[in-house]
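Enquirer: Mind looking over this structure? Questions follow.
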Amino acid sequence: MDLVKIGKYIAGKRKNLGLTQKQLAEKIGMSDKSVSKWERGICLPDVSLYFDLCSLLGISINEFLAGEDIVHENIEKKSEENIISVVTDSKRKQKSLKYIICALLILSVFTTAVIATSLYRGYRPMNFITPMDGNSVEMQTVNLIAGPDGANAFKFTTTDKYTGLKIYYSEYHQGKLLSKEPVEIGFDDMDSPKNGGIILVPDYDHAIIKLVVWTDEGSKASIDLPLMEGVEGREYYIRSQVRIEGKPEILYDTEDVLMAWVYDKDEIKIPNFQGLLLGKTDAYSENEYIYLFSYEFCKK
């Protein structure tokens, strides 16, 4: 995110309302020094202040994070850009100078150990995927952008080369597979990205799930997938979700579970979804609808 651009945007909106920095600060329970730092692009407000600040300035969360007014036609595109920007931005941009100095001192004391660790990591394979912490500032911000249904974001790290990434979208009804669609991203003409992420944003009102795949190299792919499409009375279904935890190892050319949404009229029962990939569907017949996302990093 461009903190300077956001700061100038805040300042412009504040001035348009005829407010001083002190008056704005008083309205949101902060000091005028904090407002000054925001407007100079030194740091962002705490995520807990986003709603109050945006409401006061008469702007949306997406406009705030973009640092500009957004016309209606560009809202969806800018929302995706903001989500990706939030999850890829380094937290170090938000840290004060004293923490940087402290880190430099620690680095100078443990130079030898750090170099040895870096060399070890450089040669040790690191291939894993992990969900982002829901309590982190990044995920809190992503959820604000995503809306009332929230979002799920996953980051992956790979040191092996691969030719493509497949995200499978499978729909089950009472344990029976109705459809399975792959979303494929190829890297034949470029080096495979070492870092990237997968974001899933459900929109229950419009019956879609937005899938966004991004890489640190700047490439991005997104698609809207149907959710409970054509199901009568879907607004009355109860729902739940389950996702991977920890840091599962990426096994190349092997499909593995990422997360799933479960729907039922009466009661949700969530077994181990790995069984669905193995074709063992009897245990899932009690759940009326299951929407399963799985992934495969492909070398072949």
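Rule-based calculations on the coordinates, nothing more; no lab input. Treat the numbers as computed from the prediction; the structure is a model and nothing was measured. Neighbour counts are summed over all protein chains in view; Cβ atoms, including those assigned to glycine, are modelled from backbone coordinates with ideal geometry.
Enquirer: Output wanted: per-residue J couplings in Hz (rounded whole) for the range 171-184, from phi through Karplus 6.51 cos²θ - 1.76 cosθ + 1.60, θ = phi - 60°, x for Gly and Pro.
Expert: 10, 10, 10, 6, x, 9, 6, 8, 7, 8, 10, x, 9, 10
Enquirer: Still on this structure, I have one more. List the lysines whose alpha-carbon lies under 30 Å from that of K15, not counting same-chain residues fewer than 8 positions away?
Expert: K5, K27, K33, K37, K77, K78, K91, K93, K95
Enquirer: Counting Lys and Arg as +1 and Asp and Glu as -1, each charge on the Cβ, what is the dipole of the range 236-282 about the Cα centre in debye, to the nearest 20? If you can, show how the numbers build up before the last one.
Expert: Details: 6 positive and 9 negative charges, 39 e Å.
For the range 236-282, the charge dipole is close to 180 debye.
Enquirer: Find out how many positive minus negative residues lie around V262, taking Lys and Arg as positive, Asp and Glu as negative, among other residues whose Cβ is under 13 Å from that of V262. Intermediate values should be presented prior to the final figure.
Expert: Values: positive: R239, R243, K265, K269; negative: E171, D264, D266, E267, E286, E288.
Around V262, the charge tally is -2.
Enquirer: Then there's this: Pop out the ³J(HN,Hα) list for the range 151-158 in order, Karplus 6.51 cos²θ - 1.76 cosθ + 1.60 with θ = phi - 60°, rounded to Hz; leave Gly and Pro as x.
Expert: 8, 10, 10, 10, 10, 10, 10, 9
Enquirer: Applying the Karplus parametrisation 6.51 cos²θ - 1.76 cosθ + 1.60 with θ = phi - 60° to the phi angles of the range 226-237, what ³J(HN,Hα) value in whole Hz is obtained for each residue in order, glycine and proline being reported as x?
Expert: Karplus values, whole Hz, x for Gly and Pro: x, 9, 6, 5, x, 7, 5, x, 4, 5, 9, 6.
Enquirer: A follow-up question, please. State whether the range 3-70 is rounded, prolate or oblate according to the following rule on the C-alpha gyration tensor (a ≥ b ≥ c being the square roots of its eigenvalues): a/c under 1.5 gives rounded; otherwise a/b larger than b/c gives prolate, and the remaining case gives oblate. Show your work: numbers first, answer last.
Expert: Working: a/c = 1.30, a/b = 1.22, b/c = 1.06.
It comes out rounded by the Cα gyration axes.
Enquirer: While we're looking at this one, here's another question. Grab the beta carbon distance between K176 and Q274, set R0 = 25 Å, and tell me the FRET efficiency rounded to 0.05.
Expert: Values: r = 18 Å, r/R0 = 0.71.
My answer for the efficiency is 0.90.
Enquirer: Which of the lysines could a cross-linker bridge to K265, judged by Cα under 19 Å and excluding same-chain residues fewer than eight apart?
Expert: K176
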